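The values are calculated or read from the model by the stated rules, or taken from the named source; none is laboratory data. This structure is a prediction, so every number in the text was calculated from the model and none was measured. Please note: Cβ atoms are built from the backbone with ideal geometry, for glycine as well, and neighbour counts cover all protein chains shown. Only protein heavy atoms, including side chains, enter the accessible area calculation; ligands, DNA and RNA are left aside. Shrake-Rupley method; radii C 1.70, N 1.55, O 1.52, S 1.80 Å.
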Amino acid sequence: MKFFLDTANLREIEEAASWGLLAGVTTNPSLYAREGGSLADFHAHIQRICEICDGPVSAETVSLKRDDIVAEGVELAALAPNVVVKVPVMPEGLAATKSLAEQGIDVNMTLCFTVPQALMAARAGARYVSPFVGRFDDISEDGLEHLGNLIVAMNNYDFGHPVEVIAASVRHNQHVVAAALMGADIATVPFGVLEKLVKHPLTDRGLEAFLADWEKVKNA
Ligand code: E4P
C-alpha cells in the first residue's frame, strides 16, 4: 500500500517527503481553507505542492455542471504534470470524468461511499477512486466494512485501464492497518496519523535500552 498525505500544508508535505515514503498528496477545498488559502493563490499553492511531491497531487474541482468541471479540470491539469483532477461522484462529475479521461487527464473520483459509486467512477474513466472511511464512522456506520466491500467488488473487474483505490477520510491508525490488510492500493492520511503510524512504544523502549547499553560500551 502506498502512502499519500491528506493535507494542503506545505511543511507537512516537505517533512513526509523527507521520510522517503510520500507517494502522493490529496487536497480538498476544506484542507486548503484550513491553511488560510485564498482563491488568488490557489493555483500557485498546488504548483508548490507539486514541486515538493513528484507523485500524483489531487486538486479538487468545485463546479457542479459537467462543462464547468471539465474547464476547471483542464486548468488544474495544466498547472503541473503530476496534477490529478479530483471530481465528486455525481452524474455531472461522471460525465466530466469521462471527458477529462478522454483528454488524457487523470481523475480521482472523491466523496465515494458505495460499491456502485466506485464501479461507476471506474467505468467513467477515473484513474483513482476515493472511498471515505471516517465519515461513515461519524454517522455510526462501520466505515471499514464499507471499504472492505468496495475493494472486493473493485477487484472483481478489469476496467480496461489502471484504477487504484485510495482509502480516504482516514482518522486513525486502525483505519490504515485495516486498509492495508484489505488490499487498498493507497491510504491518504493526515500528517498527525502518519506521525503516529511510525511510532510504537516498544520501538521507543528498545531504542532507550540500546542507547543505555551503548553508554556502557563507551565507558568499558
Ligand atoms: C481525501 O481525498 C478526502 O478529501 C479526505 O480524506 C476527507 O477526509 P475527512 O472526511 O476527514 O474530511
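Numerical summary
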| quantity | calculated |
| --- | --- |
| Per residue accessible area of the chain, 1.4 Å probe, in Å² | 51 |
| Distance cut-off 29 Å, percentage of C-alpha pairs in the chain lying past it | 29 |
| Proximal charge balance of residue 63 [Cβ under 9 Å; K/R count +1, D/E count -1] | -2 |
| 84, 62, 74, ranked by accessible area, largest first (probe 1.4 Å) | 62, 74, 84 |
| Ranking by accessible area, most exposed first, for 1, 154, 90 with a 1.4 Å probe | 1, 90, 154 |
| Pairs of Lys in the stretch 2-219 closer than 28 Å at Cα, counting only those 8 or more apart or on different chains | 10 |
| Label-point separation, residue 220 to residue 19 (7 Å along Cα→Cβ), nm | 3.5 |
| For residue 19, solvent-accessible area (1.4 Å; no DNA, RNA or ligand), Å² | 90 |
| Computed E for residue 40/residue 75 - FRET, C-beta separation, R0 25 angstrom, nearest 0.05 | 0.95 |
| Rounded tilt (10° steps) of 66-77 against the dominant C-alpha axis of the chain | 40 |
| Amide H partners (placed H, <5 Å) of residue 164, local residues excluded | 128, 129 |
| Nitroxide proxy distance, nm - points 7 Å out along Cα→Cβ at residue 152 and residue 202 | 3.1 |
| Acute angle (nearest 10 degrees) that the helix 42-52 long axis makes with the longest principal axis of the chain, alpha-carbon atoms | 50 |
| On Cα atoms only, tilt of 201-219 relative to the major axis of the chain in degrees | 40 |
| Percent carbon-and-sulfur accessible area, the chain, ignoring ligands, DNA and RNA, probe 1.4 Å | 56 |
| Positive-pole candidate from 27, 132, 109, dipole of the stretch 2-219, charges at beta carbon | 132 |
| Sequence-separation-based contact order of the stretch 2-219, relative, with Cα cut under 8 Å and 6+ spacing, percent | 16 |
| Net charge, residue 179 excluded, C-beta distance under 14 Å - Lys, Arg +1, Asp, Glu -1 | -4 |
| The chain - charge dipole about Cα centre, Lys and Arg +1 at Cβ, Asp and Glu -1, debye rounded to 20 | 220 |
| Simple label model, 7 Å out from Cα along Cβ direction - residue 195 to residue 210, nm | 2.2 |
| Packing rank of 41-52, 163-174, where each peptide gets the mean count of other beta carbons within 10 Å, highest leading | 163-174, 41-52 |
| The chain: calculated mean residue ellipticity at 222 nm from DSSP helix runs of at least 4, using -39500 (n - 2.57) | -15500 deg cm²/dmol |
| The stretch 1-104: C-alpha gyration tensor shape, a/c 1.5 cut-off, then a/b vs b/c | prolate |
